[in-house]
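Asker: Structure incoming, see below.
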Amino acid sequence: MNVVVTPAMLGQVVISGILSGALYAMVALGLALIFGVMRIINVAHGPLLMLGAYATYFLSTAVSMAMLFVVGVLLERTLVFRVVDAPELSSLLLTFGVSIALVNLAQLLFTSDLRSVEYLTGAWVVGPFALSKSRVVAFVFAGALTGLAFLFLGRTKLGKAIRATSQSREVAMVCGIDVQRIHLVTFGLAAALAAAGGALIAVIVAIQPEMGQIWTFKSFLVIVLGGAGNYPGALLGGILLGLIEQVASLFLTTQLSEVVAYVLLVAILLVRPTGLLGGRQT
Amino acid sequence: MSRHVALAAPVAVALALAAYPVVASGYEVRATLQIFMWIVLAGSWNLISGLTGYVSFGHVAFFGAGAYAGAILISKAGWPWLAAALVGGGAAVLLALVIGYPCLRLKGPYFAIAMLGLNEVLRALVSYFEGLTGGGNGLSLPTLDATVPIYYVMGLTAVAVTVLTYLIITSRFGLRLMTIREDEVAAEAMGIDTARHKLYAFLLSAAGPGIAGALTARDQGYIEPISVFPLATTITMIVMVLFGGKGTVWGPVLGAVVLFVAQEVVWARYPYVHPLLFGALIVAVVLLMPRGVLGILQVRYRLPRTI
């Protein structure tokens, strides 16, 4: 493929990259929170996002986030807390089992039909750039929610307790933090962030039960990019992934954008396994 | 006495299975062939995940890679299927080397998630290189009725994977792998080159699925991206190993036979409920009987570790 890249095209790509990057950052922040606090990679993160998308389709975004918060808390309370200190094998397999169950439950309940939320269609034209309305709305929403989440983590007592737990569970306990409760809240919060992601994705593309898995992978890629356990890193990683995917789509077909993301993951693990910002500074 | 039985029983079963195609119907041969395939897949997954403790969520990628390597050699280069199957195994091992080298140097879930993505990536690549793979239209192989010879080769592969597991479990190499599984830091402190051992286990675990993939491609005569890279296949092999008992020699065999028969007899009637049950089964086994059926029997009846 021979492409002549004009400055306008490059600008368009950068804008689209940042627009989708905010969404990546928000979804990945959920995964990063659980990993930071509980040392668990929640393989069901993507399927939770899928549930959030369906809840938005049938109800509304706010209800969807509230519902998924509850689902997250229930999941932690009934299953996940049992494997917090178990070897990685257990937590990975357990959340994998949950994710399969969720996907197939969705297939039973909602069938595999593609559904889409018609909310905002078309694009705003600003100078030489076209901004898809739904993507801009998703960006604003995701940016606002991510900002709120960081405010919550940075300023509130509960947020500080979450960060303390992720730095050292023992010391947090000594300081009088109820670690079990922090685990619950973190899981609920992460599920709510996933639900928000699902809601915004539902506006952009059609949804179906198997849409989730790729989001587990992408969120993981984002936290690897930024440094696992490093919350601001998730923000940087999200924007980076968005940019890289868009730039890649300029030179390659969109089919290969997943391949690019994958090669990126392997390359980072080879060169800088602690992520770009280094791991575990909260 | 018991040692003679332990040796004689598998040999008798193997002989009976070798004679089986003479008396069995086409369907029965095919079903048994499928069981062999699942033994290969589950047994191979057991090597990296059950024995070494590194969960692979994308093991079907090696099955698919082998299937495509084999099918391309057969249809485009006119290779005999047996040679193509061996190269299919080789291709899967090569792929495992490329993925395993960066991902297995690290501890933690990097490997698991990298494997989760691998499958999607291969599917995208296969769709992209249409000239070679036929893309979404799939790849047809020249017609050839070779189900019975493939039955034997697949059976031999299943035996090879099981014997290999036995040899590993009874060797120093196997002990090192299990040490990594139990406590990787301690393993390193004892002087085990963990990265290299994990990589060896991973390479061994890729060969079987590659061969099985190429054999399956030849037997079915047609492959497409959806048919050789389904996540469901990975799920099934994981469930089989967990159910039978991870890290054991016969656990994957037991899991493959029991769950395949259950799938054919009962669950085939409820196509959507059955993967849902598999998900629930994984959760239940992890929480309630993490050692699987054989693990429980081993503890209760003090059976040797090498079962």
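Asker: How about region A:261-273: which of its residues are surrounded by 17 or more Cβ atoms within 10 Å (Cβ to Cβ) and either more than 10 Å from chain B (Cβ to nearest Cβ) or touching a Gly at 6+ places or on another chain (Cβ under 6 Å) (or both)?
Answerer: Scanning region A:261-273 gives A:Tyr262, A:Leu264.
Asker: Here's another thing I want to ask about it. Could you give me the residue pairs with C-beta distances under 9 Å whose first residue belongs to region A:74-103 and is under 21 Å from B:Ser49 (Cα atoms), whose second residue is of a type in the set (Lys, Arg) and in a helix (DSSP H, G or I) wherever it lies, and which are 6+ apart or on separate chains?
Answerer: A:Pro87/B:Arg181; A:Leu89/B:Arg181; A:Ser90/A:Arg82; A:Leu94/A:Arg82
Asker: If we scan region B:17-33, do we find a residue that is closer than 16 Å to B:Leu164 by Cβ and modelled with pLDDT of 85 or more? Before you say what the answer is, go through the steps one by one.
Answerer: Our first condition is that a residue be closer than 16 Å to B:Leu164 by Cβ; within region B:17-33, this holds for none.
No, region B:17-33 contains no residue that is closer than 16 Å to B:Leu164 by Cβ and modelled with pLDDT of 85 or more.
Asker: Which of the residues spanning region A:204-244 are among the aliphatic types (A, V, I, L, M), assigned to a helix (DSSP H, G or I) and either within 11 Å of chain B (Cβ to nearest Cβ) or touching a Cys at 6+ places or on another chain (Cβ under 9 Å) (or both)?
Answerer: Residues satisfying the conditions are A:Ile214, A:Leu221, A:Ile223, A:Val224.
Asker: Would a scan of region B:50-61 turn up a residue that is of a type in the set (Phe, Trp, Tyr), touching a helix residue (DSSP H, G or I) at 6+ places or on another chain (Cβ under 9 Å) and closer than 23 Å to B:Val253 by Cα?
Answerer: Scanning region B:50-61, I find at least one residue that is of a type in the set (Phe, Trp, Tyr), touching a helix residue (DSSP H, G or I) at 6+ places or on another chain (Cβ under 9 Å) and closer than 23 Å to B:Val253 by Cα, so the answer is yes.
Asker: Mind listing whichever residues of region B:67-98 are free of Cβ contacts under 8 Å to residues at least 24 places away in the same chain and either in contact with a Gly (Cβ under 6 Å, 6 or more places away or on another chain) or under 25 Å from B:Lys198 (Cα atoms) (or both)?
Answerer: Of everything in region B:67-98, those that are free of Cβ contacts under 8 Å to residues at least 24 places away in the same chain and either in contact with a Gly (Cβ under 6 Å, 6 or more places away or on another chain) or under 25 Å from B:Lys198 (Cα atoms) (or both) turn out to be B:Leu94, B:Val98.
Asker: Is it true that A:Gly198 is buried (at least 24 other Cβ atoms within 10 Å of the Cβ) and closer than 15 Å to A:Ser20 by Cβ? Before you say what the answer is, go through the steps one by one.
Answerer: Values: buried (at least 24 other Cβ atoms within 10 Å of the Cβ): yes; closer than 15 Å to A:Ser20 by Cβ: yes.
Yes, satisfied.
Asker: Just one of the numbered conditions (1) β-branched (Val, Ile, Thr); (2) within 18 Å of the chain's Cα centre (by Cα); (3) surrounded by fewer than 18 Cβ atoms within 10 Å (Cβ to Cβ) is not true of A:Thr111; which one?
Answerer: Just one mismatch for A:Thr111, condition (2).
Asker: Would you be able to tell me the number of residues in region B:270-289 that are at the interface with another protein chain (Cβ under 7 Å from one of its Cβ atoms), modelled with pLDDT under 85 and either under 23 Å from the mean Cα position of the chain (by Cα) or surrounded by 20 or more Cβ atoms within 10 Å (Cβ to Cβ) (or both)?
Answerer: Qualifying residue count, region B:270-289: 3.
Asker: Separate question: Please list, ordered by residue number, the helices (runs of 4 or more DSSP H) wholly in region B:81-198 having 1 or more residues that are hydroxyl-bearing (Ser, Thr, Tyr) and within 14 Å of another protein chain (Cβ to nearest Cβ).
Answerer: On the way: elements: B:81-103, B:110-128, B:130-133, B:147-169, B:172-182, B:184-189.
Of the helices (runs of 4 or more DSSP H) lying wholly inside region B:81-198, those with at least 1 residues that are hydroxyl-bearing (Ser, Thr, Tyr) and within 14 Å of another protein chain (Cβ to nearest Cβ) span B:81-103, B:110-128, B:130-133, B:172-182.
Asker: Follow-up question, since we're still on this one. Suppose we filter B:Leu41, B:Leu7 for residues that are of a type outside the set (Phe, Trp, Tyr) and at pLDDT below 80; which single one remains?
Answerer: Working: B:Leu41 fails: at pLDDT below 80.
Answer to the check: B:Leu7.
Asker: Additional query: Among (1) in contact with a helix residue (DSSP H, G or I) (Cβ under 6 Å, 6 or more places away or on another chain); (2) not in a helix (DSSP H, G or I), which single condition is A:Gly176 missing?
Answerer: Condition (1) is where A:Gly176 drops out.
Condition check ((1) within 19 Å of the chain's Cα centre (by Cα); (2) part of a loop (DSSP other than H, G, I, E, B)) across all residues:
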| residue | (1), (2) |
| --- | --- |
| A:Val27 | yes, no |
| A:Phe35 | yes, no |
| A:Ile40 | yes, yes |
| A:Pro47 | yes, no |
| A:Met67 | yes, no |
| A:Val73 | yes, no |
| A:Arg82 | no, no |
| A:Asp85 | no, yes |
| A:Gly97 | no, no |
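Asker: Condition first: at the interface with chain B (Cβ under 10 Å from one of its Cβ atoms), surrounded by 24 or more Cβ atoms within 10 Å (Cβ to Cβ) and of a type in the set (S, T, N, Q). Now tell me which residues in region A:64-103 satisfy that.
Answerer: Of everything in region A:64-103, those that are at the interface with chain B (Cβ under 10 Å from one of its Cβ atoms), surrounded by 24 or more Cβ atoms within 10 Å (Cβ to Cβ) and of a type in the set (S, T, N, Q) turn out to be A:Ser91, A:Thr95, A:Ser99.
Asker: Next question. Which of (1) without any contact (Cβ under 8 Å) to a residue 60 or more places away in the chain; (2) closer than 30 Å to B:Pro275 by Cα; (3) away from chain B (no Cβ under 14 Å) is the odd one out, the single condition A:Trp124 does not satisfy?
Answerer: The one condition A:Trp124 does not meet is (2).
Asker: How many residues does region A:250-260 contain that are touching a residue at least 40 places away in the same chain (Cβ under 8 Å), more than 8 Å from chain B (Cβ to nearest Cβ) and under 21 Å from the mean Cα position of the chain (by Cα)?
Answerer: 0
Asker: Give me a count of the residues in region B:223-269 that are closer than 24 Å to B:Gly70 by Cα and within 14 Å of another protein chain (Cβ to nearest Cβ).
Answerer: Result for region B:223-269: 11.
The values are calculated or read from the model by the stated rules, or taken from the named source; none is laboratory data. Every value quoted in this text rests on a predicted model; they were computed, and no experiment measured them. So basically every Cβ, Gly included, is an ideal-geometry build from the backbone, and we count neighbours across all protein chains shown.
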